[in-house]
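Contents: one structure, followed by commentary.
The values are calculated or read from the model by the stated rules, or taken from the named source; none is laboratory data. Since we're looking at a predicted model, the values are computed, not measured. A quick note on method: Cβ atoms are made from the backbone with ideal geometry, for glycine too, and the neighbour counts reach across all protein chains shown.
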Amino acid sequence: MKWDWSAVSDFMPHFWDGLLVTLQILVLGSLVSFGVGLVWALLMRVPTRWVTWPVGVVTEFIRNTPLLVQLFFLFYVLPEWNITFSALTTGVVAIGLHYSTYTMQVYRAGIEGVPVGQWEAATALNLPMRRTWTAVILPQAIRRVAPALGNYVISMLKDTPLLMAITVLEMLGEARLFSQQNFQFTEPLTVIGVAFIVISYLASLALRALERRLAH
Amino acid sequence: MPTDTLPNPEKSPERSSGELIRLEQVTKRFGDNTVLDHLDFSVDAGKHVTLIGPSGSGKTTILRLLMTLLKPDEGTITVDGQKLFPATEKERREVRKQIGMVFQQFNLFPNMSVLRNITEAPVTVLGMSKDEAVERAKGLLDMVGLADKCDARPAQLSGGQQQRVAIARALAMRPKVLLLDEVTSALDPELVAGVLDLLRDIARTTDITMLCVTHEMNFARDISDQVLMFDSGRVIEAGPPEKIFSEPEHDRTREFLSAVL
């Protein structure tokens, strides 16, 4: 095996393109998972089985089927019903939706962790239900679980290469394309491997800083 | 003390006389345990009533029923002529506007500044303008001796300071009724006096009706118009504090008082 620095420099323009797409997936996918996960968590608290039962079934289904299958389903099956999105949009929705079924559990733990006295104080002040949620319960719940949500962002980063399967050119997609065109596999794959480690490490540093800030 | 910031300064005749709270045949069970057993009692407007008795005798349950944190299994509860139970949630919201509560564990909102703890409900529930709410909150903080703590977080305050903020927060809603649920029980001993002195002031200078569950018998003697002795979900003895504390009629009252005094 020979290491060829010129292959690295040839790959770099493609790498930057791929990095940008990977980060796009990560940021947008995280936002989708945070938003939709919160909606799931709140729906699971609606005091009627007509809501909690279907939401429970749907989220269990999504959580317990492979992300790759979901990606293929959204990318290849939905167009048959004339629903088409770009590969990137489909990928972001799929990965965000998949992770929302995990973040919902994090939110649930956070909401249940808010002391019952907070609900009682909100009742004693006659705060409307919506205001109780937005001003009292959720700020405390989210603060408790922000580090746990962050861990899922790092997990999600490691799942982003799956989007290659639906033609999204994120880092792995760019590396594979380059390899196949130039018959040089070692350099591009090593470059993106290092990039994944660096991003994960930076994210975990940011997360620890966040945890420290929230501890006070 | 700036009296213009105190709630209910207007002493209308129909408010300061007559019945404000009425419980009729109220029963509350937790599983097989009957905490309140067909309880009847009423409180006149402006009166200060202290509930005493051994733990588990149902005192706190009454406050929690009045705050609608619990629902009775049977019976009716009326506040100022309006039904609290049985009633729809919407009717209950209306009645609840007249009731404030201070908790044993303070229950301040830790995610808000001291000032916003106090302005939150006046702004969102009473529709008060933000400026007015802030001004009133500052007046109340001044009254409770914490004017310099506006921007502090509850976690930065001592227990006694937190409880005084909680009292200011309850008063900001201008309640007719203030429920005090063992408000000094969670405090370090040296912080108790400050909170009780504040409550004495409020009892003396306002016409808020107060229902108080406490183990501080001297405080109860000072502020109460009436003391109710509870045992096993029933009122076994009631009367003015001089009588209950000096010449109780019931054996259980005597036993209880000799244990706590």
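Considering (1) surrounded by 18 or more Cβ atoms within 10 Å (Cβ to Cβ); (2) within 14 Å of chain B (Cβ to nearest Cβ); (3) part of a helix (DSSP H, G or I); (4) not small (Gly, Ala, Ser), the lone condition that A:Asn126 does not fulfil carries the number (3).
Conditions (1) within 13 Å of chain B (Cβ to nearest Cβ); (2) part of a helix (DSSP H, G or I); (3) out of contact with any His (no Cβ under 9 Å at 6 or more places or on another chain); (4) within 20 Å of A:Ala41 (Cβ to Cβ), marked per residue:
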position: A:Gln118; (1), (2), (3), (4): yes, yes, yes, yes
position: A:Ala122; (1), (2), (3), (4): yes, yes, yes, yes
position: A:Val145; (1), (2), (3), (4): no, yes, yes, yes
position: A:Pro161; (1), (2), (3), (4): no, yes, yes, no
position: A:Leu169; (1), (2), (3), (4): no, no, no, no
position: A:Arg176; (1), (2), (3), (4): no, yes, yes, no
position: A:Glu187; (1), (2), (3), (4): no, yes, yes, no
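Being crowded, with 22+ Cβ neighbours inside 10 Å, within 29 Å of B:Gln25 (Cβ to Cβ) and either without any contact (Cβ under 8 Å) to a residue 12 or more places away in the chain or not polar (S, T, N, Q) (or both) is true for just one of B:Ile244, B:Ile236. Which residue is that?
Numbers: B:Ile236 fails: crowded, with 22+ Cβ neighbours inside 10 Å.
Only one candidate qualifies: B:Ile244.
For the stretch B:191-224, the candidate set comprises residues that are in contact with a Pro (Cβ under 7 Å, 6 or more places away or on another chain) and assigned to a loop (DSSP other than H, G, I, E, B); within that set, the residue that is farthest from B:Val144 (Cα to Cα) is B:Ser224.
Got a sec? Which of B:Arg169, B:Arg174 is out of contact with any Gly (no Cβ under 6 Å at 6 or more places or on another chain), within 14 Å of chain A (Cβ to nearest Cβ), surrounded by fewer than 23 Cβ atoms within 10 Å (Cβ to Cβ) and under 30 Å from B:Asp131 (Cβ atoms)? Walk me through it before giving the result.
Values: B:Arg169 fails: surrounded by fewer than 23 Cβ atoms within 10 Å (Cβ to Cβ).
Among B:Arg169, B:Arg174, only B:Arg174 is out of contact with any Gly (no Cβ under 6 Å at 6 or more places or on another chain), within 14 Å of chain A (Cβ to nearest Cβ), surrounded by fewer than 23 Cβ atoms within 10 Å (Cβ to Cβ) and under 30 Å from B:Asp131 (Cβ atoms).
Taking the conditions (1) at negative phi; (2) free of Cβ contacts under 8 Å to residues at least 40 places away in the same chain in turn, B:Leu39 satisfies each one other than (2). Of the residues making up the stretch A:16-50, those that are over 14 Å from the mean Cα position of the chain (by Cα) and not β-branched (Val, Ile, Thr) number 14.
Here's the yes/no breakdown for (1) farther than 22 Å from B:Arg252 by Cβ; (2) surrounded by 18 or more Cβ atoms within 10 Å (Cβ to Cβ); (3) touching a Leu at 6+ places or on another chain (Cβ under 8 Å):
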| residue | (1), (2), (3) |
| --- | --- |
| B:Glu24 | yes, no, no |
| B:Lys28 | no, yes, yes |
| B:Ala45 | yes, yes, yes |
| B:Thr50 | no, yes, yes |
| B:Pro72 | yes, yes, yes |
| B:Thr78 | yes, yes, yes |
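Assess whether A:Ile154 counts as being within 14 Å of chain B (Cβ to nearest Cβ) and of a type outside the set (Asp, Glu). It is false that A:Ile154 is within 14 Å of chain B (Cβ to nearest Cβ) and of a type outside the set (Asp, Glu). Residues considered: B:Val165, B:Val183, B:Val227, B:Val235. Of these, the only one that is aliphatic (A, V, I, L, M) and part of a loop (DSSP other than H, G, I, E, B) is B:Val183. Give A:Val57, A:Val46, A:Val77 a once-over and let me know the one that is more than 30 Å from B:Asn117 (Cα to Cα) and either at pLDDT below 95 or assigned to a loop (DSSP other than H, G, I, E, B) (or both). Among A:Val57, A:Val46, A:Val77, only A:Val77 is more than 30 Å from B:Asn117 (Cα to Cα) and either at pLDDT below 95 or assigned to a loop (DSSP other than H, G, I, E, B) (or both).
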